[in-house]
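One structure is given below, encoded as structure tokens.
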Amino acid sequence: AQSVTQLDSHVSVSEGTPVLLRCNYSSSYSPSLFWYVQHPNKGLQLLLKYTSAATLVKGINGFEAEFKKSETSFHLTKPSAHMSDAAEYFCVVRGRAGKSTFGDGTTLTVKP
Amino acid sequence: ETGVTQSPTHLIKTRGQQVTLRCSSQSGHNTVSWYQQALGQGPQFIFQYYREEENGRGNFPPRFSGLQFPNYSSELNVNALELDDSALYLCASSFIPNRVYGDTQYFGPGTRLTVL
């Protein structure tokens, strides 16, 4: 069994300040973990993925995430928010037989 | 752009009807998965097809069925539509070397289905 909990349904930051989106997971297997972003009326875009290599994963647009097995966490961060980062973010755990389990999403608002 | 395409973009049906949604995988991919995303929620896994066979299924009733063709394109069929089937339907393609290995999925833009 696998599950994902995104700890914040909404996060609001000011432009230029750091972003932290929190994700905890559970999995019976060594998981593959992903973060996707979804802009309004758009499909899902892959930000980054963890697949048991380096625990600090760098993604596109300045985002990165750190896999912490002891805390079963995979939090997404960015040093400085940009207006274009405003979107819905999904943490995903991918197990066997193709099943990806999505969190409920975090809406990121960036204030000017 | 991921190279995964879906058709149609939008669709309106009435309760009890049947619908077919189509997905064209990214070149070189052998696996396609379908997800249902209700408004304000994360996508829910419907099923995955690997080399034309179902390779995993989520908690969806049998009236949700699918096909994968030799060119790795895919269809999602939903019979006896219900109001709760209104959602964005996403397909995602990936390449996996064997049945149980998970790899990165690339998503299409989705089909918005409205059931009246």
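The values are calculated or read from the model by the stated rules, or taken from the named source; none is laboratory data. These figures come from a predicted structure and were not determined experimentally. Please note: Cβ atoms are built from the backbone with ideal geometry, for glycine as well, and neighbour counts cover all protein chains shown.
Can you say whether A:Leu21 is of a type outside the set (D, E, K, R), in contact (Cβ under 8 Å) with a residue 60 or more places away in the chain and over 29 Å from B:Asn30 (Cβ atoms), as far as the supplied structure shows?
Yes, satisfied.
Does the range B:58-76 contain at least one residue that is surrounded by fewer than 22 Cβ atoms within 10 Å (Cβ to Cβ), in contact with a helix residue (DSSP H, G or I) (Cβ under 6 Å, 6 or more places away or on another chain) and either polar (S, T, N, Q) or within 11 Å of another protein chain (Cβ to nearest Cβ) (or both)?
Within the range B:58-76 (the criterion being surrounded by fewer than 22 Cβ atoms within 10 Å (Cβ to Cβ), in contact with a helix residue (DSSP H, G or I) (Cβ under 6 Å, 6 or more places away or on another chain) and either polar (S, T, N, Q) or within 11 Å of another protein chain (Cβ to nearest Cβ) (or both)), the answer is no, since none of the residues qualifies.
Would you mention how many residues in the range A:57-106 are within 15 Å of the chain's Cα centre (by Cα), exposed (fewer than 14 other Cβ atoms within 10 Å of the Cβ) and more than 28 Å from B:Ser93 (Cβ to Cβ)?
Of the residues in the range A:57-106, 2 are within 15 Å of the chain's Cα centre (by Cα), exposed (fewer than 14 other Cβ atoms within 10 Å of the Cβ) and more than 28 Å from B:Ser93 (Cβ to Cβ).
Restricting to the range B:81-105, give me the number of residues that are within 13 Å of another protein chain (Cβ to nearest Cβ), assigned to a loop (DSSP other than H, G, I, E, B) and either closer than 30 Å to B:Val115 by Cβ or modelled with pLDDT of 95 or more (or both).
1
Can you name the strands (runs of 3 or more DSSP E) wholly within chain A that have at least 3 residues being of a type in the set (D, E, K, R)?
Here the list reads A:64-68.
Quick one: which residue in A:Phe67, A:Phe63 is modelled with pLDDT of 95 or more and more than 10 Å from every other protein chain (Cβ to nearest Cβ)?
A:Phe63
Which count do you get for residues in the range B:10-49 that are part of a strand (DSSP E or B), buried (at least 22 other Cβ atoms within 10 Å of the Cβ) and of a type outside the set (A, V, I, L, M, F, W, C)?
Here the count works out to 6.
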